[in-house]
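Have a look at the structure below before the remarks.
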Amino acid sequence: MTQSVRVRLALWHTAIVAVLLLALTISAYRFIEDTTARRFDEYLEETAAAFRIEFVAQRYQTATDFAAAAAALTEFEFRDLDIGVMDLSGQVVAIATAPGESQTTGDEVLQPFDATALSRIVAHKHLDAPEFVTLPDRRGGVRTCILPVDIDGRSNVIIVARPLSNQRAMLESVRTVLFLVFPTALVLAAIGGYLLARQSLSPVIAMTEHASRIGTTTLHERLPVPNAYDEYGQLATVINGLLSRVESAFEHQRRFMADASHELRTPISIVRGEADIALAMAERPPEEYREALSVVRAEARRLSRIVHDLFLLARADA
């Protein structure tokens, strides 16, 4: 099966397309993954920055950080976001894990983010820019943005967290689609490559079929040349030239055989005639026998010269 040029071309085409598709698929998935992660972080940072503005505004109108945080939390209701405020020691000031609800004690468990892990991060880092961390949980992780905020010398951090479950589900859907598209595209590429190879090699197949019908009696036939400027046309032109030379050689051989037959026929006829005359009578004078033998010898020499000339011509052709 692989001895067919069409099959080999289709296999090579499929292999090249498979490499390109694989590279394109991996690149597309990485691009989607990176873009999604970047936009995810941008969304968290923008939300944290907006909440910081509201928290600062409320702090100048209230007496404590808790009151300011609680008031600011009532203004931010997000279905999939948890927002909180912590001091630099890692103690929770206020959090909201559901729209419109706040929790005020550090003993409460932050959902979905881990208060203990965040406390260690806040307590051991000098934050002067947004910090992004991914905290593990049973749903695939929580992406958290930690944004510092300073009010009259008091430093706190704003925490905005969002589960990664939706993002991971979306990426899983993308992987599923790519997993289904890749083999489908590969099968279509294989079929298309075979059809393309078959169409491309159809002139060669036509020339092969036409050339197989040319024999010694039809050497005058020539291969069709639809386009003399492409590779197939050049190949047909070369084969036609070869057929012309073969035809010329065969014609030369025919003429040579005809001439040789004509040259050999006369001395052979004379030899046979003299032999028949000499044997026709039982008794003949010795002179007649000698005369007949002289004729036979002369014609035999003539035959020897002709055979010698044929031998020389055969060696010259070789």
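The values are calculated or read from the model by the stated rules, or taken from the named source; none is laboratory data. These numbers were taken from a predicted model, which means no experiment stands behind them. A quick note on method: Cβ atoms are made from the backbone with ideal geometry, for glycine too, and the neighbour counts reach across all protein chains shown. We work out accessible area using only protein heavy atoms, side chains counted, and drop any ligands, DNA or RNA first. Shrake-Rupley method; radii C 1.70, N 1.55, O 1.52, S 1.80 Å.
Brief remarks follow.
- Its alpha carbons give the range 250-299 an Rg and a Dmax of 15.5, 51 Å.
- Rg over Rh for the chain works out to 1.69, both radii taken from alpha-carbon positions and Rh defined as the Kirkwood radius.
- In sequence order, calculated HN-Hα J values of the range 219-227 (Karplus, 6.51, -1.76, 1.60; Hz; x Gly/Pro): 5, 6, 6, 9, 6, x, 10, x, 9
- When +1 charges are put on Lys and Arg Cβ atoms and -1 charges on Asp and Glu Cβ atoms, the dipole computed for the chain relative to its Cα centre reaches about 1680 debye.
- Distant-in-sequence amide contacts of Val93, defined by a placed amide H-H separation under 5 Å and a gap of 5 or more residues or a different chain, comprise Val85, Met86, Asp87.
- Most fluctuating residue given options Glu33, Glu131, Glu283, as computed from a GNM of the chain linking Cα atoms under 10 Å: Glu283
- The heavy atoms of Leu196 present about 100 square angstrom of accessible area, all protein chains included, probe 1.4 Å.
- Measuring how big the range 175-281 is from its alpha-carbon positions, Rg and Dmax come out at 29.6, 111 Å.
- Taking Ala206, Ala258, Ala236 as the candidate residues, the one with maximal mean-square fluctuation in a Gaussian network model of the chain, Cα springs under 10 Å, is Ala258.
- At least 18 Å along the helix axis (C-alpha) and Kyte average at least -1.0, DSSP helices within the chain: 5-59, 165-200, 231-280, 286-317
- GNM result for the chain, Cα springs below 10 Å: residue of Arg198, Arg297, Arg245 fluctuating most strongly: Arg297
- The relative contact order of the chain, computed from alpha carbon pairs under 8 Å that lie at least 6 residues apart in sequence, is 14 percent.
- From phi via Karplus (6.51, -1.76, 1.60), per-residue ³J(HN,Hα) for the range 143-152 in Hz, x at Gly/Pro: 8, 10, 10, 10, 10, x, 9, 10, 9, 6
- Fraction of accessible area attributable to carbon and sulfur, the range 181-318 (%, probe 1.4 Å): 63 percent
- Expected 222 nm ellipticity per residue - DSSP helices of 4 or more, -39500 (n - 2.57), all of the chain, to 500: -23000 deg cm²/dmol
- Accessible surface area normalised per residue over the chain is 65 Å², counting heavy atoms of protein chains with a 1.4 Å rolling probe.
- Tyr232 contributes about 70 Å² of solvent-accessible surface, heavy atoms of the protein only, 1.4 Å probe.
- In the context of the full protein assembly, Phe179 retains an accessible surface of approximately 150 Å², using a probe radius of 1.4 Å and ignoring ligands and nucleic acids.
- If only the Cβ of Lys and Arg carry +1 and only the Cβ of Asp and Glu carry -1, the dipole of the range 169-318 around its Cα centre is close to 260 debye.
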